[in-house]
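Here is the structure we will look at.
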Amino acid sequence: MQRARRPVYAWALCDWANSAFATTVMAGFFPVFFKQYWSAGVEATESTFWLGLASSAASLVVMLLAPLLGAAADRGGARKRWLAAFTLLGALACVGLYGIGEGAWGLAAAVFALGSIAFAGANLFYDALIVAVADARDVDRVSALGYALGYLGGGLLFALNVAMTLSPATFGLADAAEAVKLSFLMVGLWWALFTAPALAWVPEPPRAPADDGASAWRAGLEQVRTTLRHVRDVRGVGLFLLAYWLYIDGVDTVIRMAVDYGLALGFPAETLIVALLLVQFVGFPAAIAFGRLGERFGPKAGILIGLAVYAGVTVWGYAMREPWEFYLLAGVIGLVQGGVQSLSRSLFARLVPEGRSGEFFGFYNMLGKFAAVLGPLLVGVVALAVGTRASILSLLLLFGLGAALLWRVPGGGEVRR
């Protein structure tokens, strides 16, 4: 890496920091704890509705605000300040979950929604700061480093948290409920602690034409309007964003629905938890390897390889019969999941116009909020029509269309500043 190492690793530690929320809270403990502890006694369908509403509301807020936040931060030179603000909000939300008592499902859902907003917002500005630490020749490797540390950091804390819930007495805890609540507190502290190096050592990219305060927000709003009108004029951006929306929807649907799919097939819950951990630890070296692949053959080629693997996994998942197959498929997904995510970010960074990384990554993250909307709906409709097993094959449509559009995206050229 041509730039100073300290800012690069400080930036990448943001992924180590916030992935703890994605793994321990979002994917791991919150959905189960919400049903079994905070909404105990509430009808399962009602608790599912409120949990889904909280998640959807958080996604909608971020989806609407992301482009404006990014553009305003570009104009005001405030990417790091916004990263700090969203990180603090997320850490406080995790601390809040620790203090919520049994039965308070409404408060738990609201605090979880705040944490989800903070997670998405922090990622917006973390992504946008990649142009401050990576040269054109390094962007694939640096992006992959962030995802790799995210898998490792999120996996390590999640492994500890799982151990706490399986054997509370070993850690001096009364029961599994206390262990889960303590895990939420640990995530908040972890998130804040490991984001601090980026706030200290990552340089703030140059701001766009001088604006501050309210003028930055007005200029940011106008810039969003301009970008919406002229997105097709920026070479490759519009086509990439459409391709990204399709294939990342498929990727996120696999992430969010794999456990439910395994349960529907009758696999033990312990198998699914171990598989989730397996994805984290396989994803660490695999994301690094995909960064090298992107450097050698280009990020687009690496993404297309990953999507081909996802298509194969989808077909295998349809035919899967034994729990050991779920482990194997989890390992294969771990090999490509981080690579597809990291190379998508680095390819987009190559397309971003100078001085507008926050704004354009706002659109990038906005499409990420649309992700896992079309996929689950598609899977659900097909499941009702022809059954659960066949429903997973519907994801081939997303991977195929996304890959076909990505094929037409130009290579990306230099990373602009």
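At-a-glance table
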read-out	value
Distance histogram for the stretch 88-187 (every C-alpha pair counted, 5 angstrom bins, percent rounded to whole numbers)	2, 12, 16, 17, 17, 14, 9, 7, 4, 2, 0
Long-range amide H partners of residue 352 with built H, under 5 Å	416
Estimated FRET transfer efficiency (residue 322, residue 389; beta-carbon r; R0 22 Å; 0.05)	0.95
Listed residues 164, 186 arranged by accessible area, highest first, probe 1.4 Å	186, 164
Pair residue 42, residue 171: separation of 7 Å Cα→Cβ label points (nm)	2.5 nm
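The values are calculated or read from the model by the stated rules, or taken from the named source; none is laboratory data. Everything quoted here is computed from the prediction, not taken from an experiment. Note: ideal-geometry Cβ built from the backbone for every residue, glycine included; neighbour counts use all protein chains shown. The accessibility values were calculated without ligands, DNA or RNA, using every heavy atom of the protein model including side chains. Shrake-Rupley method; radii C 1.70, N 1.55, O 1.52, S 1.80 Å.
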